[in-house]
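Okay, so here's the structure we're looking at.
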Amino acid sequence: MTVQQLPLSGITVVSLEQAVAAPYATRQLADLGARVIKVERPGEGDFARRYDTTVHGHSSYFVWLNRSKESLTLDLKDPRGREILHQLLDGADVFLQNLAPGAADRLGLGADALTRRYPRLIPCTISGYGTSGPWADRKAYDLLMQCQTGLVSLTGTPEESARTGISVADIAAGMYAYSGVLTALFTRATTGTAHPVEVSLFEALAEWMGQPAYYTRYGGQQPPRLGTQHATITPYGTYTAADGRDVLFSIQNEREWAALCAHFLGRPELTDDPRFATGSDRVAHRAELNVIVAERFARSDAEEIMKDLEGIGIACAGVNTVAEFLDHPVLAARDRWREIEVPGATVQALIPPADLAGLPARMDPVPAVGEHTDAILAELGRSREAIEALRADAVV
């Protein structure tokens with residue numbers, strides 16, 4: 001299936017993006033067929049290209065976030081570079097940026113200025129703490145957001161807090177920017193009005209903190225750190241089987257609790273034990289219940305335990321490593337892997353999780369720095385000689 005047949009075919013996105021949040025938003029737009037022109041610094045490009053070199057010499061972050069895009073290098077401090085960018089914006093539908101605080105405004109690329117100049121353009125700004133307010137000028141990175149929203153205080157063991165293992169604030173902001181742009185495109189199509197979109201990393205992750213926020217405000221204390229144990233439901237966590245392997249299982253309701261007591265623990269009388277009669281009772285007596293569950297786990301190997309739990313309708317799973325996840329039978333059986341090109345090699349990539357019936361995912365190459373510069377400049381009317389002159393002056 002060609003890009004022209006995908007849902008966002010005909011939509012052009014110009015991005016001044018770096019790191020994770022903005023590239024994640026635009027990659028998802030590219031997945032749906034949008035033309036995404038990624039504007040990078042001449043020579044070095046997006047600094048996320050150098051986060052690591054583990055994927056055939058390329059950054060694992062960059063390969064994940066930048067397939068199906070075109071790379072154009074421009075020096076936006078040079079008036080000729082800004083002129084080229086504005087030529088692109090004149091025909092674009094979306095402009096997305098996550099530059100440092102104030103940088104877009106200094107370049108004349110703030111949302112207000114762009115809206116006045118290009119009434120049909122949808123500017124999307126991803127910031128750290130918002131473009132207004134007392135922290136508008138602060139730099140912001142993923143782990144800072146995890147700390148500021150209280151997420152780190154919830155993650156880890158009773159003895160030590162921990163960051164999450166993925167860039168959760170960046171991903172949250174990228175997802176809200178993606179859905180915000182889609183909403184703005186729909187609104188423009190139905191009303192003719194282009195609304196700017198703004199997302200901050202802080203507010204995106206703040207939304208994801210909703211449950212512990214309510215629990216803390218109205219319960220008087222925040223949920224405790226319990227490793228793999230659930231803070232407000234028990235039993236729900238990992239326990240170690242006789243063969244040393246960890247198995248996670250979850251009790252979600254009283255029916256499952258009764259089945260666990262009768263058919264797995266072999267102690268049906270626990271169902272009505274006043275210590276464990278309700279979900280809140282079980283949380284209050286977590287330590288006593290954990291002893292009972294751990295004793296049962298110590299009598300069987302992990303595979304036997306999972307078979308027994310699944311047999312009585314209780315959700316469970318082994319605790320996979322990343323390597324085990326990569327070989328997961330569900331991904332293989334559902335044909336979720338595709339080959340994509342990176343400069344000099346091919347790699348395996350997961351197709352997007354939202355399946356649109358009859359529309360295969362777009363899985364085009366990850367670009368080299370400036371790979372599409374000449375073609376884009378020629379498209380804008382620049383001659384070969386003009387392009388060579390711009391390159392000689394390091395404008396591109």
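Under the condition of being over 33 Å from the mean Cα position of the chain (by Cα) and buried (at least 16 other Cβ atoms within 10 Å of the Cβ), the residues counted in the stretch 243-257 number 1. Just so you know, in the stretch 201-228 the residues that are among the polar types (S, T, N, Q) and not in a helix (DSSP H, G or I) include one that is farthest from Asn320 (Cα to Cα), and it is Gln221.
Checking each residue in the stretch 190-223 for being over 11 Å from Ala173 (Cβ atoms) and among the charged types (D, E, K, R) picks out only Arg217.
Keeping to the stretch 87-103, report how many residues are closer than 18 Å to Val36 by Cβ and surrounded by 16 or more Cβ atoms within 10 Å (Cβ to Cβ). So the answer is 11. Selection of the stretch 371-391 for residues being closer than 25 Å to Trp64 by Cβ and in contact with a Leu (Cβ under 7 Å, 6 or more places away or on another chain) yields His372, Thr373, Ile376. Whether a residue is over 23 Å from Gln229 (Cβ atoms), outside the structural domain of Gln252 (by TED's automatic domain parsing), in contact with a helix residue (DSSP H, G or I) (Cβ under 8 Å, 6 or more places away or on another chain) and modelled with pLDDT of 95 or more was assessed, and Val330 does not pass this test. Restricting Ala194, Ala140 to those that are touching a residue at least 40 places away in the same chain (Cβ under 8 Å), closer than 21 Å to Leu16 by Cα, assigned to a loop (DSSP other than H, G, I, E, B) and under 17 Å from the mean Cα position of the chain (by Cα) reduces the list to Ala140.
Residue under question is Ser9, and the condition is that it be in the same structural domain as Ile376 (by TED's automatic domain parsing), touching a Gly at 6+ places or on another chain (Cβ under 7 Å) and either free of Cβ contacts under 8 Å to residues at least 12 places away in the same chain or not in a helix (DSSP H, G or I) (or both); does it hold? Can you show your working first?
Values: in the same structural domain as Ile376 (by TED's automatic domain parsing): yes; touching a Gly at 6+ places or on another chain (Cβ under 7 Å): yes; either free of Cβ contacts under 8 Å to residues at least 12 places away in the same chain or not in a helix (DSSP H, G or I) (or both): yes.
So Ser9 passes the test.
Pairs linking a residue in the stretch 49-61 that is over 14 Å from Gly344 (Cβ atoms) to a residue that is surrounded by 15 or more Cβ atoms within 10 Å (Cβ to Cβ) and of a type in the set (S, T, N, Q), with Cβ atoms under 7 Å and 6 or more positions apart or on different chains, are Arg50/Ser59; Tyr51/Ser59; Asp52/Ser59.
Filtered by the rule that a residue be among the aliphatic types (A, V, I, L, M) and within 20 Å of the chain's Cα centre (by Cα), the stretch 31-86 gives Leu32, Ala34, Val36, Ala48, Val55, Val63, Leu65.
The values are calculated or read from the model by the stated rules, or taken from the named source; none is laboratory data. Treat the numbers as computed from the prediction; the structure is a model and nothing was measured. Don't worry about glycine lacking a Cβ; one is built from the backbone with ideal geometry, like all the others, and counts go over all protein chains shown.
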